[in-house]
Every structure is written in C-alpha cells, then in structure tokens.
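One structure below.
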Amino acid sequence: LTLQTTSGYVQFDNCNFENGQLQIHAPGTCQVKFCTFSQSSIHLRSVALCVLENCEFTGSENASVTVEGCPSSDRNWACKHLAVLAKSCTASMQEPDPAGCPMAKQDGWGESLLGPVRTCEIVVGEEQSSFLSAVGAQALLGSTQEDIEFGENLRAAKEEEYPALDSNSSDSDLCSDDEEDAQAAYKLPYQAHSLSHTLANVTHSRLQSNRLHALQRELKLKSLQQELQQDKEAQSLANSLQGCIIRQCLFRDGKGGIFIYSRGQAKLEGSIFRDLTYAVRCIQNSKVIMLRNDIHHCKASGIFLRLSAGGLIADNNIHSNCEAGVDIRKGANPLVLCNKIHSGLRSGIVVVGNGKGIIRSNQIYGNKEAGIYILYNGNPAVSGNHIFQGLAAGIAVNENGRGQITGNVICENQWGGADIRHGGDPILRNNLIACGYSDGVVVGERGKGLIEGNAIYGNKGCGVWMMSSSLPHLINNQISHNSIYGVAVFCRKDDTGDYPPGQAGNESFQEEREGAGGENDPDSEEEYPAARHPISVALVELNSINHNGAAGLHIKSSEALNIIANVIHANRDGGVAVLQSSQLTRIADNSISCNSRGGVLVEAECQVELRGNGIYENSSHGIVSKGEGVIAENDIIGNHKCGLQLLQTADMKVTKNRIQSFRDYGIALFDEAKGLVQENVIFQGRSKKSILQPMSNAEDCIIQNNVLLTFKKRFDMECMLINPPARPHMEGGAPRSCMAAGGQRVSSITSRVDGGCHNHGSIFCTIL
C-alpha cells in the first residue's frame, strides 16, 4: 500500500501501517502522530516542513524515514500551522528525556541501561601531591559512600606509591642534617639560572597542587546551555525548523532509522533508536540536528555522516553500538556537543578520510577501542571533552590523521592517553592526560605532531613514550608523577615491544585507504601550520619533567634527538640516561637537578653533545660517560659523587665547564678513557681527595689549562657562578632553538639542517 500526496496537507492520528509506504512530495506537507509503522516507511521529498510525533517504527527493510532534497521554498497553507505547532512543542521540551517519550513509557523502552556513571576528577590533597579519584554521577548532589571509599582507596594507593612526596619536604633533602650542614659550607649558589622560575613551580608541591586545581577548573565540562550561549552557529541550528521534524519516536528492530541525502534536512528530538543496523545516515550536503536522543545497540555505527554532511549532534546518549558511536567521513563537518558516547564495542567517535567536525564538551568513556580515532587525513577540532575509562587509547591519531586536540581531560584509559602513529600529525595542546593505566602519550612509528602545554600526570607507564623513528615536537609540557620514565625514546618496532601495537583494531575504513594518498583540503592548511613546517629532528624542549618513578629521560635511539631547555628534577632514577644513540643526541640548556641517581649517564658507543646545562645536587655523579662527543660550558655543581666521570673507552672533548663535587673527585678519568680535558674550572668540595683525578691508561688523553680552585672565604663561593651566571642561561629567557611571541610559541621559525655535526657545530639554524 502506498499513500502519496504532492500538494495539500495530510494528517494521520493513531493509525497502523503494515507493509506500506507514505510518500510526501513538495509542496505537500504532513503531520503524523501516535502511529505504528510495521515494515513500513515514510519518504519525504523536498518537503518544507513535516512533523512526526510519538510514532513507532519496527522491522524496516531499509530506512524507516527517508528525507530527500533541500526543503522547498514553496510553502502551502499548512506550513504556518505546523511551524507554530513545532515551536510550541519545542518550548515544552526544555528538558526532554527519552524515557519521557509516551510510547517508550508505555512499553518500558525508556528504561535506563546505565549504572552510576563515574566521571574522572584529579584530586590534589594538601599534604599529598597525587591524585586520582573517580566520583559517581551523584557527586553533583552529594557523594555516595561508594564514591567516597573509591576515592580514598585510590588516594591511599598513590600515597603508598609515592611516600616521600610530602608538600612540607624539599626535593634536595637527600642527606642527614650533619651532612647538610657540611654541604652548605661548600655550596655554590646556582638558583638564579634562566629556568629557575619553572624549577620553583615543581619543587613546591603546593604550587603544583594549585596549578592542577586551576587546570581542573579551566577544563570543567560545559553544559549544552553554556555551549549554545557561546556558539551562535550551534544556537541557530538548535532553533531551526525546516524539513522533517521527528520528536519522541521509537525506531527499533530494523535496518535503518533515518536516511537523509541530497541536501535534505531533519531534526530529531527525544527519540529512541535501538537494535537497528544504523540509527541515522546523513550524506550529500545534508544536515541533521539531533537533540537528546537515545541511540544504542546498533549493528554498525550509531550516527554516520559523509560527503559534506553537517548539522548539530547534541546532548544525546549514544552507547553499546557495534561500530563507532559517531562516524564522520569524506568532508562531513558536524558540531558534536555535550553527548555521552560510551560502552561501544569499537571507538566512540571516528573521523576518517578528510572528515572534519567540531567535537566539544562530550563525555566519552568505556569504549573498547579509542575514545576518538582520527585517520586518513581526518582533521577535527577536539576540545573540552572528558575522555576516560576506555579499554584502549583515549585519542588515537593514525595513518596521516591530523586534528587540533585542545583542552581535554583524558584519564584512566587502558592504553596511551593519546596515541600517535604512522604519519599521524595532530596538534595536542593544553590537555590534562592523567592516571592512565599505561603511558600518557605514545608517539609510535612515524608519528609526528606538536605536543604542547599538556599536563601529563600520574600515569602507570611513562609520561611520554616515543619511537626514535617518530618526529614529535614536545614543548612546554608538565610531565610528572608517572610511574616509569618521564620521557622514553625507543628504537624497537611497534610489534616487538612491550607496549600495545597501536590502538585501534580493525574498523572498516577500506574506501578511505584507497584514497589516502589524495590531496588534503587546501582550506585546512591555514588552520594547520605544522603541516607546512615539518621537522626533521625530534625535539624535546621547555618541558618540566619531574617526580617520575624512573629516569626523567630514557633514550635508546637510532635517530638524532634534541633535548633543549627542560627542567629535569627529582626523578626516582637518573636525570637523563642515554643508553643507545647511534646518531647525535644533543642535550643543551637544561636544568638537571636533585634526581635520585646521577644527572646524566652516557653509555658506550653513544654520540652526545652536552652544552650549557646546569647539573646540580643529584644523588650520584653529575655526568658519567662511556661514549663519544662533547661536554662543554656546563655547570656541574654540588652532586654527591664525582662531578664528571669518563669510563671505559669514552672519547669526549670536555671544555669550559665549571665543576664541583661535594665529597668526591671533580673530574675522574678511568680505564681507556681518552679525549681532551681543557679550560675547565674545578672547585673544591668537602672531600680531601684530589679534585682532578687522571687515572686513564690511554695515551691520547690530553689534560691542559684547567683551573683548580679552593675556597678560603664564604665570599669566594658566592662569587664563583656570577660571570657568566649559573647555567642554563638563555638570551631573553628562551632557548637558542626557539622564540616566543605574544605568549604563543612560534615553533615554525626553527629549521633544522640535515647531516652530521662536528664537535664545535650546531644542528640548529635559527631564522629570525
């Protein structure tokens, strides 16, 4: 049975359709309410305005409702009546609930399938700087006993893990009172270096606590009302009344819910979509507005947008779908705001094949694969979301995916908070990446990206784990209290390591793979400066790497690496460990202090350049080197064992350093160490040992023109690190490799020169 109208107005109330179809062509219009469609469908073609309310659609073989064509400007007499009706219904639905759908109430379809939802909150106590607690959904009204116990247990676990991190203690309190008094007599004042302001923020845990609290407040999830007040485009979409209006309907047990194509437009409010192949499919420059719907248990993706589709997807509950909750492809560019996207069998949101979109203020949690997965030139703007408790990565960027990922809370995910591989090149800026069960950020094989201004905190693995074949730009991040390394660089392949081999599994992206080599959207280049200025050497710069459970930086690299102007402080192993470096690792202008072992360790056959660093008060040697390279113009002061040791077959050029050891040799050369030790200033410590100890058997070990100083007066010590001042020191407070303007880093002005570097050279060329 087919009912068709092409002009006039038709209204259906309390009707049953079986094996039939209702067709409405412009300028015709219709109103359908309290009707049942069994294996039946509605097809609307260029209809200016149509209202479907409180209807049930079951057993469809294709889409239950198809909306085709741009809404007609030719409006008949009924359009005015329908517009008034639609507006009055909208006014009465200020706080709609899918469970409030009369049809749903009648048969119990609106019954919530969710238990208490836990949201992630980082808690910093007054006396303890650590920090995860998860608070139940009822925390907005008052925490339940279960929530309180959960938070207390996690805080207790963190206190056990970091028992020494008391806010009233100092990171330099590494010895007894007597030893401290003795050391003070020989202590050189080094605190006034160029990174001292950053160091002050990490040595005082109350300041660190305040910073985290401020970050939490800044990243608080916004409501839909707040979003609509601030975003006029979203507000306009939410208020629009064109095309097909579907309100408080049930779609179940069929192939498709709504299919919108060829510039069609539909608005869906307060409806339920369940046990379908897909809920909504929007393509070909069409537009869908979805407000407060419940979409679950679809066999494919819940919402699917492609071919320049757009619209607004806001305040929906999207869960338990077999593929992605929201799938954005091929130039689709929707606004995705304030949804709960959870418990999916794959990813929460997928952006593929030049898909775009603004993804903001959503809760994305409990999905089996990445919370947000970006690949094949997908380039969304992802901001203000809370992405947590996922069974894989929080956000994954793969296969030349891009994206601007800013201001999100990413916590408690099983794999990396952010996972970047295989040409992925995002901007990852100002996110809180915390309390994950693996690493904070993973940059896998051939990963790229600008990783800037993030707080990477309290993760069970490393703060940042990166492959030496990757080219990330890691700038101005706070990397602290992670259980293993602060930053780790490895050269092993993804499929042979101890870490998960990528993030995402085998979602169906065949059509995007075929076109992955195509040109990017030229309009997006202006939004994405990193794409125009690729780097050729991985850069770790201006980061604060502190209080991590192992070394601050752990390096086993087969590629060149630059480590510039970082604060590496109070880590529970050494400051920097270079265990493999077949190409040059450049370590310049860093502050490396108060680490539980040595400041810098360089293993045999590693190539390093250590220049302009301040290496202070580490619990073992300042620098131990068995490798090759240059150690020049560093301040190596107040370390508890030797200032500098050259061991085994080390071949180093050691020039123009200022060195002091508290209770051991200033410089000690052992075994077959060779090289040049020249023009260094070596200060006496408390030890009665010689402050320069040449014990090397190598004939080509040259020691000349070094100055050895002992102190007679306290004034002598106070004047020692004045001309030049304590290192690191940088002109204008910025490292030589970068400049800043207007509070924003301009990372593109530094270019890198390919090729080797001799002992006196630099692999940086700064273009002013």
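The values are calculated or read from the model by the stated rules, or taken from the named source; none is laboratory data. Only a predicted model underlies this, so the values are computations on that prediction, with no experimental measurement involved. Ideal geometry is used to build each Cβ from the backbone, glycine not excepted, and the neighbour counts take in all protein chains shown. To get the accessible areas, we keep the full protein, side chains included, count just its heavy atoms, and leave off ligands, DNA and RNA. Shrake-Rupley method; radii C 1.70, N 1.55, O 1.52, S 1.80 Å.
Results, tabulated for the structure shown:
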item	result
Residue match in segment 596-609 (condition: assigned by the TED database to the domain that holds residue 488, modelled with pLDDT under 95, acidic (Asp, Glu) and open to solvent by less than 20 Å² (accessible area, probe 1.4 Å))	no
Test for residue 390: is it out of contact with any strand residue (DSSP E or B) (no Cβ under 6 Å at 6 or more places or on another chain) and open to solvent by 10 Å² or more (accessible area, probe 1.4 Å)	no
Residue, farthest from the chain's Cα centre (by Cα), within segment 278-331, restricted to residues that are under 17 Å from residue 345 (Cβ atoms) and among the β-branched types (Val, Ile, Thr)	295
Residue tally, condition of a type outside the set (Val, Ile, Thr) and touching a Gly at 6+ places or on another chain (Cβ under 7 Å), over segment 336-345	3
Whichever residue in segment 39-72 is part of a loop (DSSP other than H, G, I, E, B), over 42 Å from the mean Cα position of the chain (by Cα) and among the hydrophobic types (A, V, I, L, M, F, W, C) and, among such residues, is nearest to residue 13 (Cα to Cα)	55
Matching entry among 398, 459, 430, 408 (being buried (at least 24 other Cβ atoms within 10 Å of the Cβ), modelled with pLDDT of 95 or more and either of a type in the set (A, V, I, L, M) or over 19 Å from residue 348 (Cβ atoms) (or both))	459
Identity of the residue in segment 227-237, out of contact with any strand residue (DSSP E or B) (no Cβ under 6 Å at 6 or more places or on another chain) and either touching a residue at least 60 places away in the same chain (Cβ under 8 Å) or open to solvent by less than 50 Å² (accessible area, probe 1.4 Å) (or both), that ends up nearest to residue 71 (Cα to Cα)	233
Qualifying residue in segment 282-292 (condition: modelled with pLDDT of 95 or more, part of a loop (DSSP other than H, G, I, E, B) and touching an Asp or Glu at 6+ places or on another chain (Cβ under 7 Å))	yes
Looking only at segment 645-688, and only at residues there that are within 42 Å of the chain's Cα centre (by Cα) and at positive phi, the one that is modelled with the lowest pLDDT	648
Strands (runs of 3 or more DSSP E) contained in segment 572-674 and holding at least 1 residues free of Cβ contacts under 8 Å to residues at least 40 places away in the same chain and not acidic (Asp, Glu)	576-581, 585-588, 600-602, 607-611, 623-625, 628-632, 635-639, 644-646, 651-655, 658-661, 667-669
Qualifying residue in segment 422-436 (condition: part of a strand (DSSP E or B) and within 25 Å of residue 556 (Cβ to Cβ))	yes
Selection within segment 297-318 - on the phi < 0 side of the Ramachandran plot and surrounded by fewer than 24 Cβ atoms within 10 Å (Cβ to Cβ)	299, 300, 306, 310, 317
